[in-house]
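Peer 1: Pasting a structure here, questions to come.
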Amino acid sequence: MNLKTKIGLGLLGAILVAFLFYYIGWNLAPGSYARAEIYELEISEEDLANVIVEFKNENPDLVLNNPVNIPNGPKYYLQDGRRDNTDHWYHIYFYYTDKDQIVKTWIRQKTNSTTQFAFVFLNDGLTLGKWTAVNEYFWWWKNRPIKTEFEERILKGIKKKIKERKPNNK
């Protein structure tokens, strides 16, 4: 075997090992929302929550007004907000009426002027338990369509409202 072949095989082996470690890390990602798509916005958490309320008021087709079903359980309304005073995330739900899908997001203060806005799950229908993580698939192109739709239908409008609030629209 010549030197070029050995170098090529060594490089290929290194790339495969790196890919394997990345894939294993991706599969074992820790945390409650390890596969969320997180966007950072230059706004406080409280102000972002207010912007989202305004955005929902202007886009009633994205508001989840229907009660949801729990398999073998009661119907109830999903409420935006924290579950209790120890919750780190402020949960927000949207609804794609045309697709009958619940969109679960959350916001969380990162710094004094920056808040994380995460797209977490999609649920098919109004019966809970059919959740799909936003980054469910390892291959990015399989996740891209639902992220693009979220960015166009929801994130773009929220960013526009944030920009309208800033002095001199900077």
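Where a number appears in this text, it was derived from the coordinates with a stated rule and is not lab data. Predicted model only: the values in this text are computed from it and were never measured. Don't worry about glycine lacking a Cβ; one is built from the backbone with ideal geometry, like all the others, and counts go over all protein chains shown.
Peer 1: For the chain, which longest stretch is free of loop sites, where a loop site is one of the GluC sites (Glu not before Pro) that DSSP puts outside H, G, I, E and B and that has at most 16 other Cβ atoms within 10 Å?
Peer 2: 43-135
Peer 1: Still on this model: Loop-only check: which chymotrypsin sites (Phe, Trp or Tyr not before Pro) in the stretch 34-130 are DSSP coil with at most 10 other Cβ within 10 angstrom? Can you show the working numbers first?
Peer 2: Numbers: sites: Tyr39, Phe55, Tyr76, Tyr77, Trp89, Tyr90, Tyr93, Phe94, Tyr95, Tyr96, Trp106, Phe117, Phe119, Phe121; in loops: Tyr77, Trp89.
Here the sparse-neighbourhood loop sites are Tyr77.
Peer 1: Check Thr127: other-chain or 5+ apart residues with amide H under 5 Å from its amide H, H built from backbone geometry?
Peer 2: Asn69
Peer 1: How tilted is helix 45-58 with respect to the longest principal axis of the chain? Cα atoms for both, answer in degrees (0 to 90, nearest 10).
Peer 2: 70 degrees
Peer 1: For the chain, with only Lys/Arg (+1) and Asp/Glu (-1) charged at the beta-carbon, what is the dipole magnitude about the Cα centre, in debye rounded to 20?
Peer 2: The calculation lands at about 620 debye.
Peer 1: Okay, moving on. If one takes the longest principal axis of the Cα atoms in the chain, at what angle in degrees, from 0 to 90 and to the nearest 10, does the Cα axis of helix 3-27 lie?
Peer 2: On a 0 to 90 degree scale, this one is about 30.
Peer 1: Straight distance only, please: which lysines reach the Cα of Lys163 with their own Cα at less than 18 Å, same-chain residues fewer than 8 apart left out?
Peer 2: Leaving aside lysines fewer than 8 places away in the same chain, those within reach of Lys163 are Lys56.
Peer 1: Using Cα atoms only, what is the angle between the long axis of helix 140-150 and the major principal axis of the chain, expressed in degrees (0 to 90) to the nearest 10?
Peer 2: The two axes meet at around 20 degrees.
Peer 1: Over 27 Å between Cα atoms, which of Lys130/Lys159; Lys130/Lys166; Lys75/Lys110; Lys99/Lys160; Lys75/Lys142 qualify? Numbers along the way, then the final one.
Peer 2: Details: Lys130/Lys159 29 Å; Lys130/Lys166 38 Å; Lys75/Lys110 34 Å; Lys99/Lys160 24 Å; Lys75/Lys142 32 Å.
From the list (Lys130/Lys159; Lys130/Lys166; Lys75/Lys110; Lys99/Lys160; Lys75/Lys142), the Cα-Cα distance tops 27 Å for Lys130/Lys159; Lys130/Lys166; Lys75/Lys110; Lys75/Lys142.
Peer 1: For every other residue with a beta carbon closer than 12 angstrom to the beta carbon of His88, add +1 if it is Lys or Arg and -1 if Asp or Glu, then tell me the sum.
Peer 2: Net of charged neighbours comes to +1.
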